[in-house]
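Here the structure is laid out as structure tokens; the discussion comes afterwards.
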Amino acid sequence: MPVKKKGKKKGKKGGKKVETPVGPVDPLKPDYVAPPPKPGEKLIKLLTSHPVDEKEIHGIKVSSRVLKQLTAQEVRDLRVVFEIFDSGSTGFIGPLELKKAMRVLGFKISREEARRMIMDVSLKGRAKIDFNEFLETVLDRQGDNRDVYEEILKGFNMFDTDGSGSISQENLRQACRDVGIKFTQKELQDMIEEADVNGDGVIDKEEFIRIMLQTNLF
């Protein structure tokens with residue numbers, strides 16, 4: 001009786017089944033896609049790669065250099081000077097206005113020098129500067145000449161006889177009496193009203209600076 005040869009049983013091959021890609025393969029597709037960043041990683045990376053170099057004083061963004069070299073009060077006072085010469089309230093001043101503003105602060109410069117100074121600090125190559133660039137210009141020239149602005153403040157303190165931080169009609173009368181000048185009640189009232197921008201009946205420091213500059217007394 002013939003013996004049947006036992007055939008080998010076909011078994012399943014071991015290992016994982018290799019999937020063949022369906023459709024055309026994109027040669028530009030990367031082999032590995034990085035997982036999305038965890039919450040907060042993007043913010044941390046932004047802060048570390050772009051350090052913040054500005055802070056606010058009285059709602060005004062200023063550079064770290066300004067923070068180190070000027071007090072909050074000085075920034076506010078310089079803002080008053082800037083706004084006086086920014087007659088159109090555009091937020092910018094040109095060479096002529098810069099020349100006048102620097103003269104008030106005690107820096108004697110020509111119009112051509114003012115033009116060059118604007119070109120040096122203007123980040124966008126404009127022919128005018130904003131308040132932050134004005135602050136940088138002041139710092140660059142600080143200490144060059146006598147400080148006219150400081151003299152204006154001394155004048156304010158002379159009238160502010162009671163140290164209240166403002167000049168009243170009585171303060172004005174007392175200061176005039178001390179130097180031997182006589183004014184009528186009406187004349188004193190007119191002086192106060194001319195300088196009193198906010199209408200509170202007294203002259204504060206900013207109003208005093210403004211009237212001194214506008215009348216070219218300094």
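Read-outs: derived from the displayed coordinates by stated rules, not from any lab. The model shown is predicted, which means the values in this text are computed figures rather than measured ones. Backbone-built Cβ (ideal geometry, glycine too); neighbour counts: all protein chains shown.
Quick one: length gained pulling Gln142 to Gln185 fully straight, 0.36 nm per residue minus the C-alpha distance?
On the way: separation 43, 0.36 × 43 = 15.48 nm, distance 4.17 nm.
Fully extending the segment from Gln142 to Gln185 adds 11.3 nm.
Our coupling estimate for the range 200-209, obtained by passing each phi through the Karplus curve with A = 6.51, B = -1.76, C = 1.60 and θ = phi - 60°, is 8, x, 9, 10, 8, 4, 5, 5, 5, 4 Hz, Gly and Pro reported as x. Of the trypsin sites (Lys or Arg not before Pro) found in the range 78-127, those in coil by DSSP whose Cβ has at most 14 other Cβ atoms within 10 Å are Lys108, Lys124, Arg126.
Taking a Cβ cut-off of under 14 Å around Pro95, the surrounding Lys, Arg, Asp and Glu residues balance to a net charge of +2, with basic ones at +1 and acidic ones at -1.
The label point for Phe159 and the one for Glu113, both projected 7 Å from the Cα toward the Cβ, are 3.0 nm apart. Between Gln69 and Asn198, the distance separating the two model label sites (each 7 Å from Cα on the Cα→Cβ line) works out to 3.0 nm.
Note the full-extension length gain between Arg103 and Gln174 as 0.36 nm times their separation in residues minus their Cα-Cα distance, in nm to one decimal.
Details: separation 71, 0.36 × 71 = 25.56 nm, distance 3.09 nm.
Length gained between Arg103 and Gln174: 22.5 nm.
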